Amino acid sequence: MTDNDTKTTGGRRTLLLLITGVLLVAFGWILSGETLEATSDTQPAAVSVPETVAQIDGQEISLADLEKAAAEPLDQLEMQRLQMDLKMKQERQKILIKELDQLVEDRLLEKEAGARGVSVDELVAAEISPAEVTDEDIDAFYADLQTQRQGVPPLERIGEQIRTHLTQAKAQEAREDFLDNLRDKYKVDVFLSEPRVEIATDGHPTLGPDTAPVTIVAFSDFECPYCERVVPTIEQVRKNYGDQVRVVFRQFPLSIHANAQKAAEASLCAGDQGKFWEMHDLMFAEQKQLGVEALKDKAARLELDGAQFAKCLDSGQHEDQVKADVREGFKIGVSSTPSLFINGQALTGAQPYPTIAAIIDAELKKAGSGKS
């Protein structure tokens with residue numbers, strides 16, 4: 001994501017935090033949790049299941065017996081249903097936000113054009129000049145590209161592509177600047193915000209004060225390489241924002257990682273002795289060594305009580321706690337790691353610092369705080 005992309009995202013997010021109580025009233029929807037009521041035409045057909053599902057030599061197998069036997073796969077199915085329901089609600093709201101953004105922009109341009117007695121096209125042509133991209137701009141962009149990636153093609157091959165990209169980015173930036181001025185001029189308020197979820201934070205490993213205006217909840221897997229990539233990004237966030245940001249860790253070991261479950265338990269066993277974050281850092285630094293014996297070796301190097309740690313890990317003392325984290329993660333839409341929630345707004349994958357910082361800045365602006 002470029003700086004221009006980040007600025008545009010921030011501008012749109014600021015806009016979207018402020019204009020459509022009217023839309024909500026007009027359609028009669030409360031988007032924070034209410035869904036459209038199903039009509040008789042949309043309701044699924046009922047599936048009939050008998051109370052007695054089988055008989056063996058006159059002995060009944062009841063539906064209750066069957067459901068008890070199938071408890072685990074049925075629970076997984078229910079988690080999938082909850083996740084799908086949530087995703088549908090979130091996607092619906094994102095569509096409304098996107099269309100509202102465009103609707104507001106169109107209305108602003110029409111209003112300003114009318115005030116000036118010109119057409120919208122004439123207004124845009126007068127206020128948003130074609131962007132000029134110099135050779136120096138292209139050289140600077142190419143130099144940055146070389147620092148970020150390996151094997152970048154020669155400048156003579158991709159120079160025109162860079163020029164096109166920069167031209168479009170500058171034009172979009174100019175458009176956003178003009179629209180921001182119009183938003184201020186016409187006092188735009190948007191009441192439709194990005195989908196958010198409520199997430200429990202009490203009793204989970206935390207860095208930063210409870211009073212911080214921004215909370216980042218990270219669902220993570222110690223064996224996930226993408227989770228390791230986001231660790232230095234979170235460290236940079238904490239360094240730059242200080243006590244304005246609180247970080248909460250939640251467990252989400254993936255079944256595709258053989259050592260992830262025990263690694264998650266190990267972090268909590270270390271947390272029992274006050275060294276969760278030290279174990280957290282060490283396991284991410286040594287992702288290839290997460291077997292049980294390697295975890296016990298890490299505990300020894302962190303000067304934990306070895307016998308207490310081994311008993312905790314071998315007995316599965318925190319197994320249920322880890323599974324509870326995974327269950328809650330599924331309920332709020334987590335399906336991959338890392339999954340971050342910044343004041344309840346979902347952000348999936350090892351996102352770069354500017355993307356995370358843009359959301360934090362918007363949240364701090366809403367809370368009336370400034371970057372430290």
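Please go through (1) touching a helix residue (DSSP H, G or I) at 6+ places or on another chain (Cβ under 9 Å); (2) at negative phi; (3) surrounded by 16 or more Cβ atoms within 10 Å (Cβ to Cβ); (4) not hydrophobic (A, V, I, L, M, F, W, C) for Ser336 and return the number of the only condition it doesn't satisfy.
Checking Ser336 against (1) touching a helix residue (DSSP H, G or I) at 6+ places or on another chain (Cβ under 9 Å); (2) at negative phi; (3) surrounded by 16 or more Cβ atoms within 10 Å (Cβ to Cβ); (4) not hydrophobic (A, V, I, L, M, F, W, C), the one that fails is (3).
Residues checked against (1) free of Cβ contacts under 8 Å to residues at least 24 places away in the same chain; (2) surrounded by 11 or more Cβ atoms within 10 Å (Cβ to Cβ); (3) not small (Gly, Ala, Ser):
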site: Val47; (1), (2), (3): yes, no, yes
site: Pro50; (1), (2), (3): yes, no, yes
site: Val53; (1), (2), (3): yes, yes, yes
site: Gln59; (1), (2), (3): yes, no, yes
site: Glu67; (1), (2), (3): yes, yes, yes
site: Glu72; (1), (2), (3): yes, no, yes
site: Met79; (1), (2), (3): no, yes, yes
site: Gln83; (1), (2), (3): no, yes, yes
site: Gln93; (1), (2), (3): no, yes, yes
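Given the conditions (1) at positive phi; (2) surrounded by 15 or more Cβ atoms within 10 Å (Cβ to Cβ), which single one is not true for Lys187?
Going through (1) at positive phi; (2) surrounded by 15 or more Cβ atoms within 10 Å (Cβ to Cβ) one by one, Lys187 breaks only (2).
Can you tell me which residues in segment 125-152 are without any contact (Cβ under 8 Å) to a residue 12 or more places away in the chain, surrounded by 11 or more Cβ atoms within 10 Å (Cβ to Cβ) and assigned to a loop (DSSP other than H, G, I, E, B)?
Matches in segment 125-152: Val152 only.
Determine whether Arg107 is without any contact (Cβ under 8 Å) to a residue 60 or more places away in the chain, part of a helix (DSSP H, G or I), surrounded by 13 or more Cβ atoms within 10 Å (Cβ to Cβ) and assigned by TED's automatic domain parsing to the domain that holds Val188.
yes
Counting just the residues of segment 286-325 that are part of a helix (DSSP H, G or I) and in contact (Cβ under 8 Å) with a residue 40 or more places away in the chain, which one comes out farthest from Ala266 (Cα to Cα)?
Checking each candidate, the answer is Asp325.
Given the condition assigned to a loop (DSSP other than H, G, I, E, B) and crowded, with 20+ Cβ neighbours inside 10 Å, answer yes or no: does some residue in segment 354-370 qualify?
Within segment 354-370, not a single residue is assigned to a loop (DSSP other than H, G, I, E, B) and crowded, with 20+ Cβ neighbours inside 10 Å.
Just for segment 190-212: of the residues that are of a type outside the set (D, E, K, R) and under 30 Å from Leu108 (Cα atoms), which one is surrounded by the most Cβ atoms within 10 Å (Cβ to Cβ)?
Val190
Using the structure shown, decide if Leu100 is at negative phi, touching a residue at least 24 places away in the same chain (Cβ under 8 Å), in contact with a Ser or Thr (Cβ under 7 Å, 6 or more places away or on another chain) and not assigned by TED's automatic domain parsing to the domain that holds Gly333.
Yes: the conditions hold for Leu100.
State all residues of segment 159-181 that are out of contact with any helix residue (DSSP H, G or I) (no Cβ under 8 Å at 6 or more places or on another chain), surrounded by 14 or more Cβ atoms within 10 Å (Cβ to Cβ) and farther than 30 Å from Arg107 by Cβ; if no residue qualifies, say none.
Selection gives nothing.
The values are calculated or read from the model by the stated rules, or taken from the named source; none is laboratory data. What you are looking at is a predicted structure, and each value in this text was computed from that prediction instead of being measured. As a convention, Cβ positions derive from the backbone with ideal geometry for all residues, glycine included, and neighbour counts pool all protein chains shown.
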